[in-house]
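Notes for the one structure printed next.
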Amino acid sequence: MTRHIKTVTVASLILNILLIGVVLGAFCHHLTKQQEDHHMVISELSAKLPENKRKLFEDTMNATWKDMDDTRQQIANTKKEASDILVKDPFNEALYTTQFQHINELHDKMKLRMAKSVTDLAKQLTPEERVILADTISHFSPNTVPPAAKQ
């Protein structure tokens with residue numbers, strides 16, 4: 001092998017190793033980011049509440065978020081199954097539609113869980129604190145980090 005080919009081969013190997021490191025790093029960061037973002041959003045949004053109610057809000061929302069972990073995992077699994085159905089030949093339209101109906105049902109389940117938590121929380125707040133709560137939860141979703149909190 002000539003010196004030029006050896007140099008190009010070594011450079012190519014180094015660049016491939018760097019690329020693999022970048023891809024793995026981004027993947028690991030993605031796995032932990034959702035949970036970290038959730039806690040950051042809860043803290044930022046609760047900052048508007050009085051100190052004595054802030055902990056109540058944070059504890060309630062964190063418990064609700066944790067209670068929905070299984071449902072979020074079910075949604076992810078069902079989306080993966082729907083994707084598999086979509087690429088499989090022959091395409092099974094009825095099964096694909098059923099999967100997305102199931103995803104919608106799981107989202108509805110999460111919304112009802114969040115509504116129950118907010119209702120329980122609102123019972124423990126004054127009318128002024130409920131105004132702050134209403135503004136706070138308008139930015140909150142059980143699935144995602146609200147865009148307003150990322151600004």
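Nothing in this text is a laboratory measurement; each read-out follows from the coordinates by a stated rule. Nothing here was measured: the structure is a model prediction, and the numbers come from that model.
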Fully extended contour minus Cα-Cα distance, from THR97 to ASP67, at 0.36 nm per residue:
8.1 nm
Note: segment 67-131 at 20 °C, 1.002 mPa s; Kirkwood Rh on alpha carbon pairs; Stokes-Einstein D in µm²/s works out to 154 µm²/s
XL table LYS53/LYS123; LYS66/LYS111; LYS80/LYS116; LYS66/LYS109; LYS53/LYS109; Cα-Cα > 21 Å flagged, in table order, is LYS80/LYS116; LYS53/LYS109
